[in-house]
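Derivation of every value follows stated rules applied to the coordinates shown; laboratory data play no part. Predicted model only: the values in this text are computed from it and were never measured. We place every Cβ from the backbone using ideal geometry, glycine too, and count neighbours over all the protein chains shown.
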Amino acid sequence: MTIKESFDKAIHPGEQKTAGVETQYAVIVTPDAVWLEIEGSVQKEDWKSNFDFAVVPYKKQLEKWLAHKGFVTRWKQAREQIVKEVKDAISATNLPLRITGYSHGAAIALLAHEDFGFMGYDPETIVFGCPRVLWMPSRKIKARFSKLTRVMNRSDIVTHVPFALMMYRHVGNIVKVGKSNFNWIKSHYISRYEKYVFTE
């Protein structure tokens, strides 16, 4: 899976469905993979979730870990429907799982990546313009994201929130694009990512 291929899927998703509270997604089967594509912020509920910075436990395990309440809530609301559809597609095709998403969708995709990995599906994930999702993750938790890549425009404000001073942290491997500037809002635009992803 290349960054360009993943970006194209993230911003031109297939036929979308809605799961939970306004989480738009698509499960697409290609000749070489089952793709889970999660859409960015579109609905009012998406923006409410983006700014729900409270910290909540993500999973009740031996090593409990904490994450952004808004994104955790949205994934848990949508999880049952999405997981069933992805499992059915993989069972029918025996193809590997690839996950992608942009902005709000990237944050949900990050949680989906860990969840499917925990279930043994070993997904390969590339996300774009992803905010911080995990709160003070341990090394053991960070290791679960070794096959996740975050593509970020250097000046994209969304990739810097919630702020590090709030103890939120990024995970996964990082690919930086673009140049540092003060166009923090415009640097999050899809058109800016498209420019850098397809030219650099």
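Key figures
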{"quantity": "At R0 = 41 Å, FRET efficiency that the Cβ-Cβ distance of residue 91 and residue 136 yields, to 0.05", "calculated": "0.65"}
{"quantity": "Neighbour-count order for 170, 68, fewest beta carbons within 10 angstrom listed first", "calculated": "170, 68"}
{"quantity": "Helix-only mean residue ellipticity at 222 nm for the chain, each DSSP H run of n ≥ 4 adding -39500 (n - 2.57), per residue, nearest 500", "calculated": "-11000 deg cm²/dmol"}
{"quantity": "Percentage relative contact order, the range 3-199, counting C-alpha pairs under 8 Å, at least six apart", "calculated": "18"}
{"quantity": "Positive-end residue of 163, 21, 101, charge dipole of the chain with Cβ unit charges", "calculated": "163"}
{"quantity": "Proxy reagent accessibility, fewest Cβ within 10 Å first, across 115, 156", "calculated": "115, 156"}
{"quantity": "For peptides 177-190, 124-137, 96-109, sequence by mean Cβ density within 10 Å, most packed first", "calculated": "96-109, 124-137, 177-190"}
{"quantity": "Projected-area mean, the chain, by convex hull of Cα positions, square nanometres", "calculated": "10.6"}
{"quantity": "Which of 152, 1 has the fewest Cβ neighbours within 10 Å, and the rest in rising order", "calculated": "1, 152"}
{"quantity": "Distance (nanometres) between label positions extended 7 Å along Cα→Cβ at residue 199 and residue 84", "calculated": "4.6"}
{"quantity": "Cβ-placed point charges (K, R +1; D, E -1), dipole of the range 3-199 about Cα centre in debye, nearest 20", "calculated": "880"}
